[in-house]
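Report on the following structure.
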Amino acid sequence: MFRSHGFAGTGMRDIADAADLSPANLYHYFRGKDEILFYCQDRALDRMLDAVTGARAASGPAAARLQRVLAAHVLTMLDAVEGASAHVQIDSLPPSLRDRIVRKRDRYERGLRQLIEAGIASGEFTAGDPALVTRAMLGAMNWTATWFRPDGRHDAATVGDGIAGFLVRGLERQRVSAQGAAGRSPRTY
């Protein structure tokens with residue numbers, strides 16, 4: 001409902017009807033739609049943080065690990081069941097809930113930046129400003145919630161993999177082949 005009607009245009013009754021619940025049953029779990037929005041954002045960030053934790057614990061090329069995190073991010077954003085597209089509607093939350101989400105969002109951003117920094121340090125990624133790169137990636141991934149259509153040409157997993165691959169390729173260090181032509185380092189994912 002938040003995705004199709006926006007936060008302001010969605011009421012508790014709309015949510016209850018869409019979930020095939022009585023409004024009283026919905027109010028038993030949530031005092032208002034701001035709590036539902038918080039719940040969606042909090043769960044989305046939990047999934048994204050889990051992806052970062054998994055990537056940090058995994059072995060293998062930095063590109064493959066980063067690509068898995070980015071694909072998980074996009075898939076989380078586009079997940080219709082959990083309504084994670086609400087992740088970008090942070091300003092609709094009251095200050096106390098917004099502050100909690102901002103702290104968690106910042107922790108996720110730092111984790112993503114650390115993966116990029118590790119790739120730069122290992123020589124897999126080109127040197128650059130990791131904070132700028134991270135925020136550019138986040139902007140690109142978060143924007144998918146505004147244009148993605150579940151009934152469109154590609155499903156959410158395909159969109160996530162495609163965007164993640166595109167973003168990671170932009171970071172990969174170029175190598176020079178024996179013939180002198182620039183080429184990408186081989187990918188193992």
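Quick notes
- The Kirkwood radius of segment 1-99, taken over pairs of alpha-carbon atoms, gives through the Stokes-Einstein law at 4 °C and 1.567 mPa s a diffusion coefficient of 88 µm² s⁻¹.
- Packing around the peptides 65-77, 98-110, taken as the average count of other Cβ atoms within 10 Å per residue, puts them in this order, highest first: 65-77, 98-110.
- Principal axis extents of the Cα atoms in the chain, from largest to smallest and rounded to whole angstrom, are 70, 36, 25.
- At least 30 Å along the helix axis (C-alpha) and Kyte average at least -0.5, DSSP helices within the chain: 33-57
- With the highest mean first, a sort of the peptides 1-11, 112-122 on other beta-carbon atoms found within 10 angstrom per residue produces 112-122, 1-11.
- Accessible area (Å², per residue) of the chain, counting only protein heavy atoms and a probe of 1.4 Å: 54 Å²
- Model label points for Ala24 and Arg153, set 7 angstrom from Cα along the Cα-to-Cβ axis, are 5.0 nm apart.
- If you take all other residues with their beta carbon under 13 Å from the beta carbon of Arg110, and give Lys and Arg +1 and Asp and Glu -1, the sum is +4.
- Ellipticity estimate at 222 nm from DSSP helix runs (n ≥ 4, -39,500 (n - 2.57)) divided over the chain, nearest 500: -20500 deg cm²/dmol
- Of the solvent-accessible surface of the chain, computed with a 1.4 Å probe and all protein chains present, 53% belongs to carbon and sulfur.
The values are calculated or read from the model by the stated rules, or taken from the named source; none is laboratory data. Keep in mind the model is a prediction, meaning the values are calculated, not measured. Virtual Cβ from ideal backbone geometry, glycine too; neighbours counted across all protein chains shown. Accessible surface areas use protein heavy atoms only, side chains included; no ligands, DNA or RNA. Shrake-Rupley method; radii C 1.70, N 1.55, O 1.52, S 1.80 Å.
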